[in-house]
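Before any comments, here is the structure.
The values are calculated or read from the model by the stated rules, or taken from the named source; none is laboratory data. A quick note: this is a predicted structure, and the numbers were derived from the prediction, not measured. Here the Cβ positions follow ideal geometry from the backbone for every residue, glycine too, while neighbour counts run over all protein chains shown. Each accessible area value is taken on the protein alone, full model and side chains, heavy atoms only, with ligands, DNA and RNA left out. Shrake-Rupley method; radii C 1.70, N 1.55, O 1.52, S 1.80 Å.
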Amino acid sequence: QGIFVLGLPYALLHSGYSGLFLIILAAALCCYTGKILIACLYEEDEDGHLIRVRHTYEDIANACCKNLSPKLGGIVVNVTQVMELIMTCILYLVVSGNLLSHSFPYVPMTEKTWSVIAFVTLLPCVFIKTLKIVSKLSQLCSLVHFIIILVVMTYCLTQIHQWSWAKFRLSIEFEDFLVSVGVIIFSYTSQIFLPTLEGNMKNPGEFRCMLNWTHFFACVLKTTFALTAFLTWGEETKEVITDNLPSFLQTLVNLCLLTKALLSYPLPFFAATEIVYACISRGNHCNYRSPLFALGVRGSFLLLTLLMAVFIPHFALLMGLTGSVTGAAMTFLLPSLFHLKLKWKKLSILEKCADISIFILGFLCSLAGLVCSIKGLLEVFG
């Protein structure tokens with residue numbers, strides 16, 4: 001459950017009844033691509049038992065591209081992953097600065113200065129070495145997220161007398177609909193983290209069950225939240241639904257969102273630095289394997305996210321451009337393509353059709369998002 005969830009009521013505003021169907025469809029598709037991605041980590045031995053022969057997204061990509069180049073697939077996947085993770089980390093810094101400036105408007109500081117203050121609180125991230133620490137922070141992040149959802153939904157339920165299904169649109173604008181598709185689909189994305197997550201589970205055999213239940217509950221929560229919020233505000237629904245709340249609730253929710261953004265940062269930060277460190281230290285040089293070098297990599301990455309958050313203009317549009325390409329690629333395009341390549345002989349006709357359909361859908365989503373983002377950038381730069 002990411003910050004994207006807060007944009008779901010706005011997505012319903014522009015997609016109408018089809019938005020409710022999209023929330024359910026996106027959950028099913030993302031759950032399926034998560035399963036086929038993990039299936040690509042395994043191969044059957046002579047006795048028909050599944051053995052985990054690959055460990056990362058990179059290993060899967062290298063296995064698929066070994067006839068072209070042994071390392072080509074891994075390079076493409078690593079670059080794509082790191083780009084998306086960097087953008088995610090920067091987004092959290094930008095959002096933190098924005099939330100702090102809105103929470104304390106009487107303090108004479110710019111959003112960029114507030115971002116630097118938020119950055120200082122994230123400095124301990126350089127000492128994170130294991131996924132266990134990240135999981136503890138993610139648990140706290142989930143708790144804060146549920147508090148935000150609870151506050152918004154409680155307020156919406158007090159306004160139930162104003163609800164009307166007539167607020168739903170029957171006709172929709174194509175470009176607005178594409179924005180809604182992007183928000184809904186990318187609120188479910190988690191494929192980057194799945195190989196690491198499955199590899200760290202005490203019982204990896206429960207992975208598919210875990211994925212089913214998490215996507216089911218995510219779908220129920222997203223649908224309920226988006227529906228109640230949209231029925232409350234209708235045409236007045238704003239891009240981030242917390243902006244619709246009365247002022248006495250806005251400050252409380254903004255501080256909760258700030259806490260959530262700061263607690264969300266360590267997961268993409270850890271994932272990105274692990275990828276970069278693994279790529280650099282792959283050689284036999286002992287200096288690249290020292291704890292001091294690992295600390296340097298994490299510190300450099302932390303500083304890079306701050307500099308990009310502070311100095312790049314129109315970052316939101318650039319992030320949309322990158323997200324449209326990398327998000328769709330990592331969620332739909334690559335998992336379906338790798339599954340077809342590695343498991344073609346063992347797949348049924350139905351499974352092949354499903355993978356091909358998801359690949360086409362991912363390509364169309366990526367292309368549409370790319371066009372919309374470039375159009376937005378061209379408008380900004382005149």
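Any chance you could check the Cα centroid distance between segment 72-109 and segment 38-67 for me, in angstrom?
Value for the Cα centre distance between the two parts: 32 Å.
Determine the shape class of segment 73-226: with a ≥ b ≥ c the square roots of the Cα gyration tensor eigenvalues, call it rounded for a/c under 1.5, and otherwise prolate if a/b is greater than b/c, oblate otherwise.
It is oblate, given that a/c is not under 1.5 and a/b is not larger than b/c.
What do the square roots of 5 times the Cα gyration tensor eigenvalues come to for the chain, in whole Å, largest first, as semi-axes of the equivalent ellipsoid?
Details: eigenvalues 230, 151, 77 Å².
So the three semi-axes of the chain are 34, 27, 20 Å.
Got the relative contact order for the chain handy, in percent, Cα pairs under 8 Å and 6 or more residues apart?
Result for the chain is 33 percent.
Percent of accessible area on the chain owned by carbon and sulfur, 1.4 Å probe?
C and S atoms contribute 70 percent here.
How much length is gained if the chain between Leu150 and Glu351 is pulled fully straight, taking 0.36 nm per residue apart and subtracting their Cα-Cα distance, in nm to one decimal? Each step should come with its number before you reach the end.
Working: separation 201, 0.36 × 201 = 72.36 nm, distance 3.91 nm.
Taking 0.36 nm per residue and subtracting the Cα distance, the gain is 68.5 nm.
What length, rounded to one decimal in nm, is gained on full extension from Ile160 through to Lys375, with 0.36 nm per residue of separation minus their alpha-carbon distance? It would help to have the intermediate numbers written out before the result.
Details: separation 215, 0.36 × 215 = 77.40 nm, distance 3.89 nm.
Taking Ile160 through Lys375 to full extension adds about 73.5 nm, to one decimal.
Taking 20 Å as the cut-off for C-alpha to C-alpha distance, list the pairs among Lys222/Lys375; Lys222/Lys260; Lys35/Lys71; Lys35/Lys343; Lys71/Lys345 that go past it. Don't skip to the end; give the middle numbers.
On the way: Lys222/Lys375 29 Å; Lys222/Lys260 17 Å; Lys35/Lys71 24 Å; Lys35/Lys343 13 Å; Lys71/Lys345 24 Å.
Too far apart for the 20 Å limit: Lys222/Lys375; Lys35/Lys71; Lys71/Lys345.
Show the residues, 5+ positions off or on another chain, whose built amide H is closer than 5 Å to the amide H of Gly16.
It is Arg169, by chain and number.
If you average the alpha carbon positions of segment 321-370 and of segment 184-246, how far apart do those two centres end up, in angstrom?
Cα centroid to Cα centroid, the span is 21 Å.
At 0.36 nm per residue, minus the direct Cα-Cα distance, what do Glu44 and Asp176 gain on full extension? Give it in nm, one decimal, please. Could you put the intermediate results ahead of the total?
Working: separation 132, 0.36 × 132 = 47.52 nm, distance 4.58 nm.
Answer, rounded to one decimal: 42.9 nm.
With every protein chain left in place, what is the accessible area of Phe359 in Å² (1.4 Å probe, nearest 10)?
70
For Ile133, what charge total do you get from the other residues with a beta carbon under 14 Å from its beta carbon, if Lys and Arg give +1 and Asp and Glu give -1?
+3
Rounding to the nearest 20 debye, state how big the charge dipole of the chain is about its Cα centre with +1 on each Lys and Arg Cβ and -1 on each Asp and Glu Cβ. Spell out each step's value before the answer.
Details: 25 positive and 22 negative charges, 151 e Å.
The calculated dipole for the chain is roughly 720 debye.
Whole number in Å², please: accessible area per residue of the chain, 1.4 Å probe, ligands, DNA and RNA not counted.
Dividing the accessible area of the chain by its residue count gives 51 Å².
By its C-alpha gyration tensor, with a ≥ b ≥ c as the square roots of the eigenvalues, how is segment 19-81 shaped: rounded for a/c under 1.5, else prolate for a/b larger than b/c, else oblate? Walk me through the numbers on the way to the answer.
Numbers: a/c = 3.37, a/b = 1.39, b/c = 2.42.
Since a/c reaches 1.5 but b/c is at least a/b, the shape of segment 19-81 is classed as oblate.
Give me the one-decimal Kirkwood hydrodynamic radius in Å for segment 211-310, with the sum taken over alpha-carbon pairs. Before the final figure, lay out the partial values.
On the way: mean 1/r = 0.0570 Å⁻¹.
The answer is 17.6 Å.
Provide the packing ranking of 256-267, 35-46, i.e. peptides ordered by the mean count of other C-beta atoms within 10 Å per residue, highest first.
Numbers: 256-267: 22.5, 35-46: 16.7.
Packing proxy ranking, top to bottom: 256-267, 35-46.
What FRET efficiency comes out for the pair Lys112/Leu255, r = Cβ-Cβ distance, R0 = 30 Å, nearest 0.05?
Working: r = 20 Å, r/R0 = 0.66.
That gives a FRET efficiency of 0.95.
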